[in-house]
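Contents: one structure, followed by commentary.
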Amino acid sequence: MTASERTGILAAIARTRHGAAADREAAVDRRFANRPSGPRLALVADAMKDGASLADVFAAAAIRSGASVVRAASAAEVPETLRALWRDTGLEGPIVHADDPLCAACDDFAPSHTGAAVGEDRVGISRAIAAIAETGSLILASSAGTPTTVNFLPETHVVLVAEADIRESLEDLWPELRAKGEWPRTLNQITGPSRTGDIELTLQIGVHGPRALLIVVYGDGR
Amino acid sequence: MTVLKSENFPENARAAIGDAKLQAALLNIRTIFRNNRTRIVAATPEFEELRHAGAAIKREAVANLDVYLQRFDAAATAQGAEVHFCADAKSARETIAAICLAENAKLVTKGKSMITEEIGLNPYLIAKGFTPVETDLGEYIIQLRDEPPSHIIAPACHVKKEQVAETFRAAHPNRPADRDLSTHDSLLAEARAELRTRFLAADVGITGANMLVAETGHAVLVTNEGNGDLTQTLPRCHIVVASIEKIVPTLEDAATVLRLLGRSATGQQSSSYTTLSVGTRRAGEVDGPESCHVVILDNHRSEMLGGDYEDMLRCIRCGACINHCPIFANVGGHAFGAVYVGPMGSVLTPLLKGLEEAHYLPHACTMCGRCAEVCPMEIPLPEMLRKLRNQTHAQELTSATSRRGLALWTYLAERPRLMRGISRIGGVVMRLVGRRGALRRWPMAGEWTRFRDLPVPQGGGFVDRANKAKAKG
Ligand code: SF4
């Protein structure tokens with residue numbers, strides 16, 4: 001592009017818009033300040049009326065999306081839960097995991113490493129920064145210790161998430177992320193395993209991303 | 001490859017209707033896509049409310065589009081992205097090729113992007129010596145078959161699995177010739193293995209974007225396969241290609257649009273992967289792109305602002321209108337001879353490519369209204385198609401006979417007494433000519449009666465009957 005192309009496009013748009021430029025700038029400023037939310041879905045609140053916890057609603061939605069969910073009472077129980085999950089599911093390494101002691105619980109089962117995932121890795125273990133009950137989604141953020149490739153290259157993705165980090169909807173999460181003052185390069189909202197309908201619209205699991213998504217939800221021990 | 005052209009729509013459509021394989025494939029659209037959407041909309045009592053909210057968001061985005069684009073530009077640039085505004089397809093192609101050249105790239109992986117289809121990116125990159133590889137399973141299949149996509153979200157929906165197997169055998173000669181490719185699973189496994197090596201070797205990854213968030217500079221990418229994420233994370237350079245109307249103001253707005261998109265496109269609450277990315281890998285990060293570019297394309301969209309077709313800029317490319325279109329269900333996507341197909345395509349193609357080339361498309365519509373009913377952005381598609389029809393007529397792009405026919409009809413419609421007299425005579429004549437209650441041919445409506453029988457009036461028009469009824473009291 002040339003600098004004049006940018007100017008030209010913006011000017012072509014501006015010519016057709018109504019109102020003075022300053023007023024429209026002000027309208028955009030207001031939108032950014034107020035950030036109105038659209039309609040929220042009643043489904044989470046409805047489920048909780050029947051006595052389910054936010055974690056229960058999340059787990060049910062995640063299972064509907066094709067993920068498996070196991071629960072642990074507290075962070076202290078996560079390593080044992082992970083090891084049991086490994087054995088029960090018959091997983092095989094190599095492992096790549098986030099730079100996080102909780103994610104290292106299976107290190108003696110198979111060769112393992114931290115850092116970016118490579119093609120040979122079979123299992124990726126990460127920790128979500130949040131989860132969304134409405135859709136059963138996990139939210140993962142890239143950082144030095146939590147590379148994004150761990151979420152996509154291995155066949156099996158195991159994700160830990162604290163009950164305390166589960167939110168009803170995305171709108172509950174955005175203000176918390178904004179408050180951190182800077183964005184990670186990548187935020188992944190992950191809902192179930194990789195899937196496609198590209199051959200005859202037939203649903204198939206595990207195209208390019210993980211074939212299996214295993215979630216460990218842990219409480220605060222109370 | 002034989003690429004069908006919009007200007008041959010009637011012949012294309014006729015061939016499509018006679019194509020048994022295509023007809024079998026189209027059956028899936030009529031059932032699976034429609035049922036999935038119907039089911040989830042029924043389970044979402046807030047759906048109508050969401051539609052109003054979604055349309056209002058895009059109205060706001062379009063109302064202040066230039067301001068939002070500048071805010072997006074500033075936010076993305078601050079986080080390491082380079083933003084390129086491109087006026088047309090040529091400028092976008094050249095910009096992208098220049099980036100690939102600067103990256104010293106050979107292999108370029110691509111996530112599914114209709115915009116790159118619109119600008120004809122792949123042939124251009126190949127001519128410049130790069131190797132673009134489509135990684136969305138459907139796009140990969142049609143790239144190997146050297147065909148254009150036939151649906152904006154299911155590009156290979158016209159291909160049967162036996163044809164996919166043939167295509168893979170031809171394209172992957174190093175695999176054992178006697179391997180089993182008879183099942184969906186075997187095809188999937190082979191595609192996964194083949195594309196894995198490309199993901200890992202790629203120098204540049206190109207993806208589209210479902211939204212650009214003006215507030216934060218995020219590109220939002222929605223996929224089910226995860227190919228878009230491998231495409232944007234593994235290579236050292238990520239190029240996002242998006243058109244100007246992909247803007248939404250805030251993350252809250254993105255959340256509303258996402259609720260509509262998954263439900264309308266595939267009947268999902270949420271697609272498997274929704275990725276928000278902005279800029280380059282941060283200090284200390286060990287993966288993600290070291291350079292990141294956002295190419296923002298106009299290509300005639302700014303000309304749609306302020307006129308009869310501005311509403312089209314709310315389109316989120318969900319495909320619901322296509323899935324519910326009776327014309328698409330019968331002729332498939334290729335007959336439209338364009339990148340965008342079905343109702344949204346019949347509006348967009350004339351606006352992007354000119355009415356001369358696409359004059360048949362606004363007429364490829366029964367005015368059933370289903371598309372507008374299901375559109376999550378409340379886009380009045382039939383109304384716009386009608387306006388485009390008027391334009392084809394005014395520009396004399398319709399046949400002279402049908403224009404004379406319509407002129408005669410207009411003359412009569414404006415003179416009710418004359419019309420009544422003539423239609424009484426007409427009814428009598430038709431009863432004389434038509435056998436068994438149907439007319440097989442009718443002057444000046446040859447195209448129409450070639451495939452349809454015109455029912456013969458069974459005596460007395462509406463006005464006659466109404467008068468008789470009145471007389472009876
Ligand atoms: S016109 Fe409406 S229904 Fe059709 S693709 Fe666009 S948003 Fe979806």
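The combined condition, being farther than 30 Å from B:I322 by Cα and either buried (at least 17 other Cβ atoms within 10 Å of the Cβ) or out of contact with any Lys or Arg (no Cβ under 6 Å at 6 or more places or on another chain) (or both), is not fulfilled by B:A43.
So that you can scan it fast, the table gives a plain yes or no per residue for (1) within 11 Å of chain A (Cβ to nearest Cβ); (2) without any contact (Cβ under 8 Å) to a residue 40 or more places away in the chain; (3) among the basic types (K, R); (4) not in a helix (DSSP H, G or I):
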{"residue": "B:A189", "(1), (2), (3), (4)": "yes, yes, no, no"}
{"residue": "B:R192", "(1), (2), (3), (4)": "yes, yes, yes, no"}
{"residue": "B:L195", "(1), (2), (3), (4)": "yes, no, no, no"}
{"residue": "B:L212", "(1), (2), (3), (4)": "no, no, no, yes"}
{"residue": "B:G228", "(1), (2), (3), (4)": "yes, no, no, no"}
{"residue": "B:E245", "(1), (2), (3), (4)": "yes, no, no, no"}
{"residue": "B:A254", "(1), (2), (3), (4)": "yes, no, no, no"}
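The set of residues in the range B:321-332 that are within 14 Å of chain A (Cβ to nearest Cβ) and near the ligand (Cβ under 9 Å from one of its atoms) comprises B:I322, B:N323. B:A87 versus (1) over 26 Å from A:R35 (Cα atoms); (2) within 8 Å of another protein chain (Cβ to nearest Cβ); (3) under 22 Å from the mean Cα position of the chain (by Cα); (4) buried (at least 24 other Cβ atoms within 10 Å of the Cβ): which is the lone unmet condition? Failing condition for B:A87: (4).
Every residue, every condition in (1) out of contact with any strand residue (DSSP E or B) (no Cβ under 6 Å at 6 or more places or on another chain); (2) more than 19 Å from B:R281 (Cβ to Cβ); (3) of a type in the set (S, T, Y), yes or no:
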| position | (1), (2), (3) |
| --- | --- |
| A:A62 | no, yes, no |
| A:S68 | no, yes, yes |
| A:P79 | yes, yes, no |
| A:R83 | yes, yes, no |
| A:P94 | yes, yes, no |
| A:D99 | yes, no, no |
| A:A110 | no, yes, no |
| A:G136 | yes, yes, no |
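Look at B:E357 and say whether it is within 12 Å of the ligand (Cβ to nearest atom), over 14 Å from the mean Cα position of the chain (by Cα) and acidic (D, E). So B:E357 fails the test. Among the criteria (1) more than 8 Å from chain A (Cβ to nearest Cβ); (2) closer than 22 Å to B:V220 by Cβ, the one B:D308 does not fulfil is (2). Taking B:A335 as the residue in question, decide whether it is more than 13 Å from chain A (Cβ to nearest Cβ), more than 13 Å from the ligand (Cβ to nearest atom) and either at pLDDT 95 or above or on the phi < 0 side of the Ramachandran plot (or both). Yes; evaluated as a whole, the condition is true for this residue.
Regarding the range B:338-351, can at least one residue be identified that is within 10 Å of the ligand (Cβ to nearest atom), surrounded by 24 or more Cβ atoms within 10 Å (Cβ to Cβ), within 14 Å of chain A (Cβ to nearest Cβ) and closer than 22 Å to B:H52 by Cα? There is no residue in the range B:338-351 that is within 10 Å of the ligand (Cβ to nearest atom), surrounded by 24 or more Cβ atoms within 10 Å (Cβ to Cβ), within 14 Å of chain A (Cβ to nearest Cβ) and closer than 22 Å to B:H52 by Cα. Of all residues in the range A:30-55, those being assigned to a loop (DSSP other than H, G, I, E, B), facing chain B (nearest Cβ under 7 Å) and not aliphatic (A, V, I, L, M) number 5. What helices (runs of 4 or more DSSP H) completely inside the range B:114-173 contain at least 1 residues that are without any contact (Cβ under 8 Å) to a residue 60 or more places away in the chain, within 22 Å of B:D185 (Cβ to Cβ) and away from the ligand (no atom under 16 Å from the Cβ)? The helices (runs of 4 or more DSSP H) meeting that bar are B:137-145, B:161-171. Being within 16 Å of the ligand (Cβ to nearest atom), assigned to a loop (DSSP other than H, G, I, E, B) and crowded, with 19+ Cβ neighbours inside 10 Å is the filter here; which residues of the range B:276-315 pass it? B:Y309, B:C315, listed by residue number. Residues in the range B:48-66: is at least one crowded, with 20+ Cβ neighbours inside 10 Å, touching a Lys or Arg at 6+ places or on another chain (Cβ under 9 Å) and of a type in the set (S, T, N, Q)? Looking through the range B:48-66, at least one residue is crowded, with 20+ Cβ neighbours inside 10 Å, touching a Lys or Arg at 6+ places or on another chain (Cβ under 9 Å) and of a type in the set (S, T, N, Q). For A:I190, the stated conditions do not hold, so it cannot be described as farther than 21 Å from B:G267 by Cα and buried (at least 24 other Cβ atoms within 10 Å of the Cβ).
Of the residues screened, A:A131 is not one that is among the aliphatic types (A, V, I, L, M) and surrounded by fewer than 24 Cβ atoms within 10 Å (Cβ to Cβ).
The values are calculated or read from the model by the stated rules, or taken from the named source; none is laboratory data. None of the values given here were measured: they were computed from a predicted structure. We place every Cβ from the backbone using ideal geometry, glycine too, and count neighbours over all the protein chains shown.
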